[in-house]
Each structure stands twice: as structure tokens, then as C-alpha cells.
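Only one structure is covered here, and it is reproduced in the block below.
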Amino acid sequence: MFVAALALVVVIWETYKALGPADGGTLLGVRILPRTSEYAMPHVWDMFSRFNRPEVRGSDRSVFDAVLAGAWYSFRLSAAGFVMGGVVGVGLAVLMARFKLVQRGVLPYLVVSQTVPLIALAPLVVSWGGKLEVGPFVWPRWLSASVLGAFLAFFPIAVGTLRGLAAASAASVELMQSYAASWTKTLFKLRFPTAVPYMVPAFRLGASASVIGVVVAEISTGLRGGIGRLIIEYAREATGDPAKVYTAIFGAAALGLTMAGVVIAVDVFVMRNRPKESVS
Amino acid sequence: MSAVSIRNASKVFNLGKSNQVDALRNVSLDVKPGEFVSLIGPSGCGKSTLLRLIANLLEPTNGDVVVNDKPAAQARLDQDYGMAFQQAGLFEWRTVRKNIELPLELKGWDKNARALRANEMLQLVQLPEFGDHYPWQLSGGMQQRIAIARALAAHPPLLLMDEPFGALDEMTREYMQGELLRICAATRTTVVFVTHSIPEAVYLSNRVVVMSPRPGRITKVVDVSLGGERNEDTRNRTVFFEAITAVREGLRGMHAAHVGLGNDDR
């Protein structure tokens with residue numbers, strides 16, 4: 001099904017390219033249909049064949065290698081962001097589940113935090129990070145991108161985990177009470193296992209959010225080495241080499257899919273012995 | 001010496017607020033070791049509240065609750081009782097065996113001792129081959145038997161049950177009643193059992209405590225002289241029907257007193 005959908009997109013792209021007007025359609029001077037020239041819409045096969053050719057003329061590094069290296073770099077940053085977001089998200093969820101007061105005080109701010117545009121936040125985090133120096137620890141530039149990934153990732157994780165922690169039935173909470181189990185024991189023996197079906201989709205959202213955060217942060221702070229930087233660099237060359245930027249976009253998509261795939265693999269593993277029904 | 005001793009216990013929810021509820025007023029009850037006592041009454045009569053006072057899941061507003069000759073709070077800390085609810089409430093991420101081991105784990109038993117006891121309990125509830133299954137692979141009746149095994153795993157002297165068979169069909173229910181009596185006889189466990197089925201209460205109990213609502217209190221205690229040995233024939237004996245009639249009259253007397261109060265469901 002996934003392959004069929006992909007094929008359909010390719011067919012639509014190429015059909016429009018073949019049939020659509022080269023200069024796009026205009027209505028009352030406003031362009032409403034995209035242009036179909038080679039510069040605006042390169043052939044799909046050009047995008048793919050571009051992978052095989054050198055990144056810059058005369059270089060022995062192909063675009064494929066460059067995109068792969070960029071995606072790998074961004075993947076590591078996203079993974080770091082995802083882990084940070086996971087720790088912060090789960091930590092906040094536990095605090096909120098433990099103390100109703102914290103929940104009432106913090107939860108609204110979490111919601112507000114997600115309305116701050118990432119682009120505006122990125123330079124701030126970079127400049128704060130640049131001023132941070134604790135003993136031998138110097139804030140590396142890549143950490144800013146990871147932090148921004150974490151900033152996007154922690155929110156769905158915190159909310160999903162909180163919901164899961166609160167999902168334990170009254171009877172099972174009473175059962176743990178009847179065993180005189182402490183809050184911590186109840187947390188690990190009852191609440192976390194109950195929360196797993198809620199945490200899995202939350203982490204999946206968090207994983208893709210961390211990728212978005214990192215790529216956007218790379219673009220807006222101009223951090224070198226990652227797929228975000230490649231997207232801007234290749235986009236600048238679009239007039240002479242229109243297919244090139246798409247290779248970086250494919251790289252970013254593959255990066256997101258890989259991240260989601262890792263989380264799905266973990267999901268399948270932790271849910272292997274659960275009844276086959278889903279929570280929404 | 002009594003297994004449970006309740007002296008003038010009252011429980012008021014939302015004390016002093018507009019939605020104040022007198023859940024229990026001046027309730028006194030003694031349960032002897034080895035006795036099977038049922039609490040029966042309409043919704044809102046406080047039978048579940050009374051059970052939770054014994055379990056120390058709730059504190060009484062007034063009065064004393066003594067379990068196993070200690071304050072209820074201490075008895076809970078010492079895990080002197082096991083508890084079973086209407087929903088079996090097994091943890092779906094644990095195998096049947098691990099579910100039974102849960103109270104032992106919390107008591108800090110080592111792995112071998114736990115495994116040994118889990119096997120013993122699986123034998124007791126006659127499901128030895130289901131130890132490595134997951135709860136959702138079992139029928140409702142089987143799940144409830146595992147819940148009983150879990151409640152009794154630490155060999156507590158007292159078993160508290162809150163409508164444990166309420167969600168089962170009639171056939172399974174009668175079978176489970178027989179099973180419960182067999183298990184309790186084998187382990188000599190004292191039971192306090194909440195139900196709203198009259199035949200169930202009579203079939204299982206040495207004494208049936210009839211309760212009434214608003215405020216929750218004990219209106220009648222029916223002694224059931226069926227003797228120790230109970231089987232399917234018991235359900236046809238005259239004594240059985242007489243006890244059922246006595247309990248029903250206890251419940252009806254209170255109902256008559258409440259005619260005209262309107263909505264009796266609350």
C-alpha cells in the first residue's frame with residue numbers, strides 16, 4: 001500500500017509536469033498553478049540519478065554520500081534530542097501525577113510552550129548556550145539543535161505519559177494500597193506498566209517532533225553537518241541544479257521514517273504480550 | 001479473640017460540605033476466626049465502605065476497627081488480609097504466575113520462594129497448567145480464581161471480597177461459590193464477603209449481615225445453620241430457603257421503611 005501510494009504521487013507529479021503549462025497558470029495576474037519547467041519541477045528520475053553524481057563538479061564524493069552523512073549527523077542530534085525530551089517529558093509527567101499542585105501549575109505552561117514558534121526560539125537557545133560554560137563543559141553548537149528537538153519532543157511525551165499514569169483503575173490502586181505498597185512501588189509495578197500503551201504513541205509523536213525540531217534548528221541557526229544545512233545549501237543551487245535539493249528533502253524524509261521505525265520496533269517489542277486492543 | 005472487631009464505626013464523606021454523606025453510622029460487628037460473613041444490602045448501604053474500613057483503605061470518622069487483634073492500619077501494613085474485587089483486576093502485562101507473585105514481591109520474598117508459593121496457589125485454585133498464560137487468555141471465572149489465588153498468596157488469615165462474582169454468569173457463579181468454600185476450608189481463612197445476591201450470601205455464609213442505607217447501618221444479622229459441609233444439594237434444603245426468607249425479610253423491612261422516599265437507587 002505504501003509503495004502504491006508512493007507510485008501514485010510519482011505518476012501525478014509526472015503527469016502534471018507533462019500536461020501542465022510551462023509557465024504555470026495565472027488568474028488576474030496571480031499565479032495559481034505551479035510552473036512545470038525543469039527548474040521548478042525536475043523529473044523524478046533526475047532527482048534519483050542526482051544521488052549518483054558528485055556533490056560538486058570534480059569532487060569524488062557523491063550526493064548520496066553527502067546526504068547520507070548529513071542524515072546520519074541529524075539522526076544522532078535528533079536521537080539526543082529525543083532522549084532528552086523523553087527524560088524531561090517522563091520526569092514532568094511523574095511529578096504532575098504525584099503532585100496535583102504541580103499539574104495545575106505546570107500543565108498550562110506546557111501547552112503555551114508549544115505555541116512559541118521554533119524559528120524564534122532557535123537563535124535564543126544558541127545564544128544562551130554560547131554563554132553557558134560550567135567548568136570544563138563548553139556548550140557545543142550541535143547541542144542547541146538537540147535541545148530544540150527535545151523542546152518539541154517532550155510535550156507529547158509528557159502529556160501522553162501523564163494520561164497513562166492516571167489510567168490505572170481504582171481497583172488496582174486499592175489493591176496496591178492493600179499491599180501497603182509505597183507510591184514509588186505503585187509507580188513502577190502498576191502505573192508505568194499501565195501507561196505503556198499510552199506512552200508508545202506519545203513517544204512516536206515525540207520521535208518525529210525531535211527530527212523536525214533538529215532540522216528546523218539546523219536551518220535557522222545554519223548549523224553545519226546536518227540534513228537541514230544541506231537543504232538550504234542545495235536550495236541555493238536550485239537555479240542551476242534543480243534536482244539536487246530534492247535529494248536532501250528525501251534524506252530528511254528517510255530520516256523521519258527511520259526514527260519512527262526505531263520507535264515502532266520498540267513498540268512491537270514492549271507490546272508483544274499485551275491483548276491486541278488499542279487505546280485511543 | 002476475633003478476626004475483625006468493629007466498634008461504633010461511622011464514616012462520613014465530605015464532612016461539613018453541602019454534599020455530606022453519612023455512609024455508615026454506629027456500626028459494630030465481630031467476625032470470629034474461620035467464620036464466613038456476608039454483607040448484603042441495596043446500593044448505598046455502605047457495605048463496600050465497611051469492607052474498606054476493615055481493609056484500612058478508608059479511615060473511620062469515628063469508632064475503632066481492629067483486625068487480627070491490631071489496629072486496622074497496622075494490619076494493612078502487615079498484609080494480614082488479602083483482597084479481591086468485582087473486576088479480577090489482574091495486571092495484563094504479567095503472566096498468571098507473576099500476578100500471583102505480586103503481593104510476595106512487595107513483601108520482599110526471594111524468587112525461589114515466590115515460585116514455590118505460586119505453584120502451590122495454582123494447585124489450590126486448580127489451574128496448574130495456566131501459570132505462563134496471560135490473564136486476557138483466560139475466561140472470566142478463571143481470572144477470578146487467579147485473583148483469589150493472588151489474594152491468598154501470602155497466606156493471610158483474612159480474605160476481603162467485594163462482589164467478586166458479580167460480573168460472572170449464573171453457572172460460573174455457582175461453581176465459583178463452591179470453589180471458594182473449598183479453598184477457604186483448605187486454608188482455614190476468615191472471609192468478609194460483600195454481595196447483593198441473597199442466595200449467594202446464604203449459601204456461602206455462617207452469618208449474613210443485612211444493611212440499610214441513609215445512613216448506612218446494620219439492621220439484621222441472620223445466622224445460617226447449614227453446617228460446614230455444603231454442596232449442590234444444600235441449595236434445595238429447607239434450612240437454605242428459611243435463611244433466604246429471613247434475609248429477604250430483613251431487606252424488605254427496610255425497603256418498606258423507605259417507601260415514599262423516591263429514588264431508591266442512589
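Bear in mind these aren't lab numbers, they're just calculated from the coordinates by the rules spelled out. Only a predicted model underlies this, so the values are computations on that prediction, with no experimental measurement involved. All Cβ positions, even for glycine, are placed from backbone atoms using ideal geometry, and neighbour counts span all protein chains on display.
Summary of values
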| quantity | calculated |
| --- | --- |
| Number of partner chain Cβ atoms within 10 Å, mean per residue of A:40-48 | 0 |
| The stretch B:92-155: proportion of alpha-carbon pairs further apart than 16 angstrom, % | 33 percent |
| Of B:GLN177, B:GLN87, B:GLN20, the one that fluctuates the most in a GNM where chain B has Cα springs shorter than 10 Å | B:GLN20 |
| GNM result for chain B, Cα springs below 10 Å: residue of B:MET121, B:MET142, B:MET171 fluctuating most strongly | B:MET171 |
| Per-pair calculated FRET efficiency, R0 = 30 Å: B:ARG214 and A:ALA166 via Cβ, rounded to 0.05 | 0.40 |
| With Cα atoms, 0 to 90° folded angle of helix B:111-124 axis to chain B main axis | 60 degrees |
| Share of Cα-Cα pairs in the stretch A:74-194 lying beyond 19 Å, as whole percent | 57 percent |
| Fraction of antiparallel bridges per DSSP, the protein assembly as shown only, in percent to nearest 5 | 60 percent |
| Cubic angstrom per residue, convex hull over Cα atoms of the protein assembly as shown | 263 Å³ |
| Tilt relative to chain A, helix A:2-19 - C-alpha long axis, 0 to 90 degrees, to 10 | 30 degrees |
| Once the Cα gyration tensor of chain B is diagonalised, semi-axes √(5λ) in Å | 31, 23, 17 |
| For chain B, calculated [θ]222 nm from helices alone, where every DSSP H run of n ≥ 4 adds -39500 (n - 2.57) | -11500 deg cm²/dmol |
| Candidate lysines for bridging to B:LYS220, where Cα separation is under 16 Å - those fewer than 8 sequence places away on the same chain excluded | B:LYS47 |
| Ellipsoid semi-axes in whole angstrom, largest first, where each is sqrt(5λ) of the Cα gyration tensor of the stretch A:37-143 | 41, 20, 15 |
| For A:176-187, mean number of other protein chain Cβ atoms within 10 Å | 5 |
| The stretch B:1-81, relative contact order [Cα under 8 Å, separation at least 6], % | 36 percent |
| Helix A:63-98 vs. chain A, principal-axis angle (Cα, 0 to 90°, nearest 10) | 20 degrees |
| The stretch A:184-280, relative contact order in percent, only Cα pairs under 8 angstrom and at least six apart counted | 30 percent |
| Distance histogram in 5 Å bins (all Cα pairs of the stretch A:125-280, percent per bin) | 2, 9, 12, 14, 13, 12, 11, 10, 7, 5, 3, 1, 1, 0, 0 |
| Selected from B:SER43, B:SER18, B:SER225 as most flexible by GNM, with chain B as the system and alpha-carbon contacts under 10 Å | B:SER18 |
| Along principal axes, Cα extents of the stretch A:209-275, largest first, whole Å | 55, 24, 15 |
| Under 17 Å from the Cα of A:LYS185 - aspartates and glutamates, other chains or at least 8 residues apart | A:GLU174, B:ASP78, B:GLU101, B:GLU105, B:ASP110 |
| Distribution of pairwise C-alpha distances over chain A, 5 Å bins, in % | 1, 5, 9, 12, 13, 13, 12, 11, 8, 6, 4, 2, 1, 1, 0, 0 |
